[in-house]
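The values are calculated or read from the model by the stated rules, or taken from the named source; none is laboratory data. What you see is a predicted model, and the numbers here were worked out from it, not measured in a lab. Virtual Cβ from ideal backbone geometry, glycine too; neighbours counted across all protein chains shown. Heads up: the accessible areas ignore ligands, DNA and RNA and are worked out on the full protein's heavy atoms, side chains in. Shrake-Rupley method; radii C 1.70, N 1.55, O 1.52, S 1.80 Å.
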Amino acid sequence: MKLKYYITFFLLLFGFLSVRSQESVLDKGGGFELKVRIYDTENKEYIENAQISINAFTTSRSDINGYYRIKARIHDELVVRHPDFETVRKVITSNEDILIQIEDNPNYYGKEWSKSDNFRHSSFGRKARSRIMKNKAISRNYTQIMDSALYYKEKDLDKSIHFIEEALEANESKKRNANTYKVLGDIYYHWKQYDIAISNYKISLQIYEKTETRLQLAKTQFLAKKYKDSEETYKLLEDERLSNYEEVQVLGGLGDALAKQNKDQEAKKFYEKGLKLAKKKSINDATLDLNTKLANIYAKEGNLRIANNITINTLREASELPKKPSLKVQQEVADFYNETQQYDSEIELRKKLLKSVDDPNELDEINTIGSNDNEGSDREVKKEVGKDSLTSQKLNYKIGNAYVQKENYTEAIEYLEKSVEEAGAKEDLEVQKHATRKLSEVYATVGQHVKAIQTYRNYVDIVDSLYIRKEQEIYQAKRLTQKISDYQSRITVLERNNELSDNKVSLAIKEEQLTKAKSKTQLIVIYSLIGSLLLMTLLTFYKHRANQKQQLANNLLALKSMRSQMNPHFIFNALNSVNSFIAVNDERNANRYLSEFSALMRSVLENSDEDFIPLQKEIELLELYVKLEHNRFKDKFNYSIDVDKSINLEEFQIPPMLLQPYIENAIWHGLRYRKDKGELEIMIQKKDRASITIIIEDNGIGRKKSLEMKTKNQLKQKSKGMSTIKNRIAILNDMYQDKVSVVISDLFEDGSGTKVELTLKK
């Protein structure tokens, strides 16, 4: 049984390590084939002719099932472009198939789904909503036209331009027209008509801003030797949202433009920044290219040791690349050795290049590396700016030339003769010319004058042949230039016709708008009158409302003022009580009274800013107050507080200190003047579902007799407490719709005793 568990454990461990190993390989750049599909949810079909890019690899062809297949690695950035929707970007996290859904909804984002999850993840990248036209025939027609233009770009300029004209005549949407001018710029770029290409890229950007177009514009400006313009365009791209590969391209392009302006220190900073990013994101081809450029700058500065260290590292890293890219990098390093006069290293490396392929003709294929890359990729730029193509005849010539620099003429003759022979077989007149001339010079140097003369005659014949070919090329170039000029004139006319059509449509729309405006004038007048009436009504309403608010504010201010009057009045009376204790030297009672009085004052002050407090709190305040007064007049009255248990006290609120003045009057002006002990009863009873009754009864001398006993001076002064209470009740009832009502009456027929009956609503 234990053996079974051990076997199961080791199998699971082995499976886990295998998965981790696979992830590690993918993460290190082993690569895999990624399948991508783009689904239009509106038309229920997969979108064709999109451009799928991962670093330098690009494809725009899908298979019968709608899959785009492209080489990818973990952490690479996938970029999906199409004329009809915004660019979509996604970092690759696994080798699962990816489905990008496009929906014609302004609030919809591109969604990604993988087979392993079987559900939609959160949105990624930029907004990717569909702009596909409702008429699918028209939409497909445009994409087919642009596909045809790109297909004939390198094969037939006439046909390619014809399809561009057809696309412009259709007068598509702005985004599509921008794409059309971008493709037109790409066509002229291929035919090395850089100025016209620049013009069309700028038109495209005026119509619709796109990172891809601006990047291509910067590269084209560089090839047109407009280095300052190229630098400025690249700097504009620094602030845009770029893929990792595009960012590396921009940094390298800025370095190239600055290097051409002899700003080596600035160029080096951008090369180093681009190199750091390329290494971090495992963009190997860019890493090697930037290393070579940095080595050239260090060599130019005289730091040959640093430059050599960089080239050694570059060669080591290139050995880990596939065969063809590795050979390309080695060729660039050999050129560096030649420029820095390290001829032994150059010869060794170029011989290694010759031996590294079984068939020398295979070297010619190296020059086509990058043909599937983005238009204007770094490799294509290097080819255009004069970097050496990798051919066996040129390699032999370079090796022979290096031997000449070393004055090893025997070896030089061997390789130069091979170069002449191979260049002749392949009709490479340019290389044959240079190799023949160099060979003639070497023969003359070593004293083989007959061979030198014969070789020189061969050189003259080759120059004549090359001259004839150059004349033909110049003639063809003139014809091509004239043809391109005619094409561009036709396109300019088309552009103006489109503008004229747009202007006519605009005029027609304006006329229609004027007609509608006239018919609407009367309606506007009527609506204006109605609006004025409504405005006056609203103004009246708001004025009335403002008056109400002002009245409410006045009432609140009055209540606050009355509460502030109540507190000093209450405190004054309480302090009189303390004074009376002190007057009779009753220090113990005075201290106890002050302690209880402070507790009462704390509660009163806490509630002094409130319009209403819970009834329960008011009862607690009354109990404390009556207890204080009873301590002072123990021989004058007894008291009781009776609350009906059926009342839910939490449902009722009462203005603070509303009952205290009535109780104070009962004690001070009624019970205090009795000869025997009196009674004070406080009862809270339920009246109906929405209200309660609070009754304060005393069997004191009565209101009439109390008035007779007052001195003349007392008669002149009105009770501050009672007058304030009346005013408070009046304001509260005005604000809260008769919430409180008070009735005061004599308790007995002879006028003795007093009854206060206060009704409080919920």
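In this view, the solvent-accessible surface of TRP191, computed with a 1.4 Å probe and all protein chains in place, comes to about 70 Å². Net charge within 15 Å of GLN261 by Cβ-Cβ distance, Lys/Arg positive one each and Asp/Glu negative one each, not counting GLN261 itself? With Lys, Arg at +1 and Asp, Glu at -1, the neighbours total +4. Here the calculated FRET efficiency for ALA224 and ASP464, from their Cβ-Cβ distance with R0 = 45 Å, stands at 0.90, rounded to the nearest 0.05.
When peptides 284-296, 71-83 are sorted by average Cβ neighbour count within 10 Å, with the highest value leading, the order is 284-296, 71-83.
About the centre of its Cα atoms, segment 164-309 shows a dipole size close to 560 debye [charges on the beta carbon of Lys, Arg (+1) and Asp, Glu (-1) only; nearest 20 debye].
Within the P(r) computed for segment 594-685, what percentage of the Cα pairs occupies the region above 20 Å?
Counting pairs separated by more than 20 Å, the tail of P(r) holds 40 percent.
Each peptide in 728-738, 85-95 gets a packing score, the mean of other Cβ atoms within 10 Å over its residues, and the list from highest to lowest is 85-95, 728-738.
Within the shell of other residues whose beta carbon sits under 13 angstrom from the beta carbon of ASP195, the net charge comes to +3, with Lys and Arg scored +1 and Asp and Glu -1. List the chymotrypsin sites (Phe, Trp or Tyr not before Pro) within segment 218-257 that DSSP assigns to loop and that have no more than 12 neighbouring Cβ atoms inside 10 Å. Hits after loop and neighbour filter: nothing returned.
Each peptide in 400-412, 250-262 receives the mean, over its residues, of other Cβ atoms within 10 Å, and ordering these scores from highest gives 250-262, 400-412. Which shape class applies to segment 231-293: rounded if a/c is under 1.5, otherwise prolate when a/b exceeds b/c and oblate if not, where a ≥ b ≥ c are the square roots of the Cα gyration tensor eigenvalues? Verdict is oblate for segment 231-293. The calculated FRET efficiency for the pair GLU301 and ASP344, based on their C-beta separation and a Förster distance of 30 Å, comes to about 0.85.
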